[in-house]
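Student: Structure below; questions to follow.
Each reported figure results from applying straightforward, stated rules to the coordinates on display, with no laboratory input. Here the structure is a predicted model, which is why all the values come from computation and not from measurement. All Cβ positions, even for glycine, are placed from backbone atoms using ideal geometry, and neighbour counts span all protein chains on display.
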């Protein structure tokens with residue numbers, strides 16, 4: 001390991017913490033302190049950096065906001081580097097600053113390199129850097145779901161699991177689409193009949209765009225034939241006959257022509273009068289022609305009115321205009337084509353579903369084979385780790401059983417066709433049983449540490465944090481845990497919050513949480529212990545006080561590690 005992943009943690013106005021900066025080193029970092037000193041506060045601050053949900057109660061009394069920041073090193077962590085690249089976040093010298101802000105108003109914010117992000121993004125990014133084991137996470141070993149996740153993580157099978165899960169999502173949607181189409185199909189007969197009836201009615205009407213306007217124009221004439229004829233006759237009486245305008249203009253033309261022979265001033269008028277005569281004569285002929293064309297009959301009026309009524313009826317049913325009615329017919333024909341093709345769509349979807357199901361079974365089979373292979377490896381490596389942790393007779397088995405449906409038949413689910421469960425036997429001759437049935441608190445701690453150690457070899461995470469991994473143990477077992485943590489810290493940065501001197505003595509960087517008060521305010525501080533300070537702290541942890549015996553014992557422990 002080149003250097004620490006977590007280089008520095010700064011906490012301001014967080015609970016009892018006023019303002020602290022904590023520097024971490026590579027290797028094994030130990031965090032100790034008396035009960036109630038505030039070790040859990042530091043763990044909580046780290047949790048916020050890891051994307052845990054904030055709370056206004058975290059803000060120090062009398063302050064508006066709490067601020068937590070962490071300087072981390074991502075050198076060699078290609079997954080974290082790729083994540084930042086995808087998020088469009090730049091960095092220099094492999095160092096990244098994470099900030100978290102919690103306001104007493106309830107609002108908060110989070111940043112990576114000054115760029116605002118949502119909390120889930122922070123959680124995702126931090127998971128690539130840190131693996132934190134809290135005080136209550138022993139319970140995760142009791143869940144078969146977590147057993148499967150741990151096996152898949154160890155075997156590097158997560159991408160295969162995700163691929164299978166995505167396929168399951170696809171066929172779930174396919175099934176829903178098929179069900180929807182089949183449900184719709186029951187109503188398609190009535191729908192087809194309705195559409196065909198509409199098309200037949202529209203097509204048989206032989207409508208054309210503009211027909212309605214033409215009919216209304218014709219009806220206007222037909223309904224006003226008597227008045228029209230009267231007005232035409234009156235107009236012709238003005239233009240025609242011995243006293244009509246045409247005859248008067250003809251006489252005027254002769255008169256002007258005669259005048260022009262006497263005085264040429266009338267000569268230009270001849271053409272003008274003749275033009276008026278010809279124009280009026282043409283108008284007279286046009287009116288006469290129009291009169292001859294009038295062909296009125298009650299039958300024709302009735303036919304036109306019936307046709308207009310038919311058009312209105314179709315427009316009421318299918319659209320506001322003839323164009324809308326014709327468009328309705330076009331869309332109805334398209335809908336029929338779609339409906340008639342839906343049967344083929346259902347069959348096509350069923351065919352695709354069959355292929356996808358075959359693909360899923362193949363993927364699940366390969367995943368199951370991978371799990372079977374890596375289960376044996378995981379068993380052997382966990383047993384080896386547990387023996388180093390003072391469990392020499394332990395048996396550990398990763399049991400793979402076929403997944404079954406509600407009817408008890410083997411089935412494949414979104415996570416595969418396997419049920420994964422960790423079985424153990426702590427003593428020779430004892431049968432294998434689920435972990436939750438046989439392991440004590442101290443044994444659970446060691447099993448968890450063994451799993452974390454094994455997974456650390458295949459995980460890109462560079463910093464492991466253990467909050468009281470020593471719960472329920474003491475004596476030689478605690479010392480073996482300390483030595484194990486130290487061994488683990490050769491390749492990973494490790495931070496262990498502990499109350500056991502035998503574990504604290506194995507650390508390379510010892511930090512102590514101290515709570516103090518001036519009578520009005522209480523605050524929590526973190527100090528790095530130097531040689532003598534460290535001896536005295538371990539002595540305190542051994543006996544509750546610093547006396548000659550505890551100091552000598554502390555020096556002895558420090559010498560062992």
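Student: Which of rounded, prolate or oblate describes segment 260-363 when judged by the alpha-carbon gyration tensor and an a/c cut-off of 1.5?
Tutor: Prolate, since a/c reaches 1.5 and a/b exceeds b/c.
Student: Could you tell me whether segment 108-172 comes out rounded, prolate or oblate from its Cα gyration tensor? Rule is a ≥ b ≥ c as square roots of the eigenvalues, rounded for a/c under 1.5, then prolate if a/b exceeds b/c, otherwise oblate.
Tutor: oblate
Student: Which value results for Rg/Rh of segment 186-339 when Rg is the Cα radius of gyration and Rh the Kirkwood radius based on the inverse mean 1/r?
Tutor: My calculation of the ratio gives 1.37.
Student: Given axes a ≥ b ≥ c from the Cα gyration tensor, I'd like to know whether the chain is rounded (a/c under 1.5), prolate (a/b larger than b/c) or oblate.
Tutor: Note, shape of the chain comes out prolate.
Student: Calculate how many DSSP beta bridges within the chain are antiparallel, expressed in % of all such bridges and rounded to the nearest 5.
Tutor: Approximately 75 percent, going by the DSSP bridge assignments.
Student: Would you kindly state how much longer the chain becomes between residue 225 and residue 276 on full extension, computed as 0.36 nm times their sequence separation minus their alpha carbon distance, in nm to one decimal?
Tutor: 15.4 nm
Student: Report the extension gain between residue 285 and residue 243 in nm, rounded to one decimal, defined as 0.36 nm multiplied by the number of residues separating them, less their alpha carbon distance.
Tutor: Details: separation 42, 0.36 × 42 = 15.12 nm, distance 1.64 nm.
That works out to 13.5 nm of additional length.
Student: So for the pair residue 377, residue 109, with labels modelled 7 Å out along Cα→Cβ, what separation do we get in nm?
Tutor: Taking the simple label geometry, residue 377 and residue 109 are separated by 4.5 nm.
Student: On a full-extension model of 0.36 nm per residue, what is the gain between residue 406 and residue 211, subtracting their alpha-carbon distance, rounded to one decimal in nm?
Tutor: 63.5 nm
Student: Let me ask another. Which value in deg cm²/dmol, rounded to the nearest 500, describes the helix-derived mean residue ellipticity at 222 nm for the chain, given -39,500 (n - 2.57) per DSSP H run of n ≥ 4 and division by the residue count?
Tutor: So the helix-based figure for the chain works out to -19000 deg cm²/dmol.
Student: I want to check the label-to-label distance for residue 82 and residue 330. Put each point 7 Å from Cα in the C-beta direction and report it in nm to one decimal.
Tutor: 5.1
Student: Taking neighbour counts of Cβ atoms within 10 Å as a proxy for exposure, in what order, fewest first, do 506, 63 appear?
Tutor: 63, 506
Student: Still on this structure: In whole percent, what relative contact order does the chain give with Cα contacts below 8 Å and a gap of six or more residues?
Tutor: 22
Student: Relative contact order of segment 186-339, please, whole-number percent, based on alpha carbon pairs below 8 angstrom and at least 6 residues apart. Walk me through the numbers on the way to the answer.
Tutor: Working: 98 pairs, mean separation 57.6, N = 154.
Computed over segment 186-339, the figure is 37 percent.
Student: Using r as the Cβ-Cβ distance of residue 142 and residue 357, and R0 as 25 Å, what FRET efficiency do you calculate, to the nearest 0.05?
Tutor: 0.15
Student: Using the alpha-carbon atoms, what tilt in degrees (0 to 90, nearest 10) does helix 78-87 show relative to the longest principal axis of the chain?
Tutor: Roughly 30 degrees, rounded to the nearest 10.
Student: Kindly state, to the nearest 0.05, the FRET efficiency for residue 180 paired with residue 436, given R0 = 41 Å and r defined as their beta-carbon distance. Mind dumping the intermediate values first?
Tutor: Working: r = 43 Å, r/R0 = 1.05.
Calculated transfer efficiency: 0.40.
Student: Contact order normalised by length for segment 400-553, with contacts defined as Cα pairs under 8 Å and 6 or more residues apart; what percent is it?
Tutor: It rounds to 12 percent for segment 400-553.
Student: Taking 41 Å as R0, compute the FRET efficiency from the Cβ-Cβ separation of residue 302 and residue 348 and round it to 0.05.
Tutor: Efficiency for this residue pair is about 0.15.
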